[in-house]
């Protein structure tokens with residue numbers, strides 16, 4: 001396996017990972033920010049309040065994005081498996 005192929009696989013894996021976790025992280029950040037603003041406005045400073053809305057919104061986002069995430073992951077895995085013969089042959 002050439003160094004260029006290794007770097008390319010690493011870049012593809014990193015971009016696929018960031019693409020898959022991006023929507024979930026964005027939802028978690030936005031809900032955390034929203035709950036933080038509400039806590040600041042009401043002056044309720046309990047750390048456990050933010051977990052339930054964040055958990056519910058993350059589960060909803062996962063249910064919505066899961067088919068797309070599986071499609072992206074199977075596409076990437078198929079590309080990796082199809083490139084195995086060229087890696088073994090050295091070219």
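At-a-glance table
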{"quantity": "Residue identified as at pLDDT 90 or above and surrounded by 12 or more Cβ atoms within 10 Å (Cβ to Cβ) among 57, 63", "calculated": "57"}
{"quantity": "Residue pairs meeting the criteria (Cβ under 6 Å; at least 6 apart or on separate chains; first in contact (Cβ under 8 Å) with a residue 24 or more places away in the chain, in region 75-86; second part of a helix (DSSP H, G or I) and surrounded by 10 or more Cβ atoms within 10 Å (Cβ to Cβ))", "calculated": "76/16"}
{"quantity": "Enumeration of residues in region 2-29 that are surrounded by 11 or more Cβ atoms within 10 Å (Cβ to Cβ) and either without any contact (Cβ under 8 Å) to a residue 24 or more places away in the chain or outside any helix (DSSP H, G or I) (or both)", "calculated": "6, 8, 15, 17, 21, 22, 25, 26, 29"}
{"quantity": "Some residue of region 47-58 being assigned to a helix (DSSP H, G or I), more than 30 Å from residue 79 (Cβ to Cβ), touching a helix residue (DSSP H, G or I) at 6+ places or on another chain (Cβ under 8 Å) and touching a residue at least 24 places away in the same chain (Cβ under 8 Å)", "calculated": "yes"}
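The values are calculated or read from the model by the stated rules, or taken from the named source; none is laboratory data. Since we're looking at a predicted model, the values are computed, not measured. Ideal geometry is used to build each Cβ from the backbone, glycine not excepted, and the neighbour counts take in all protein chains shown.
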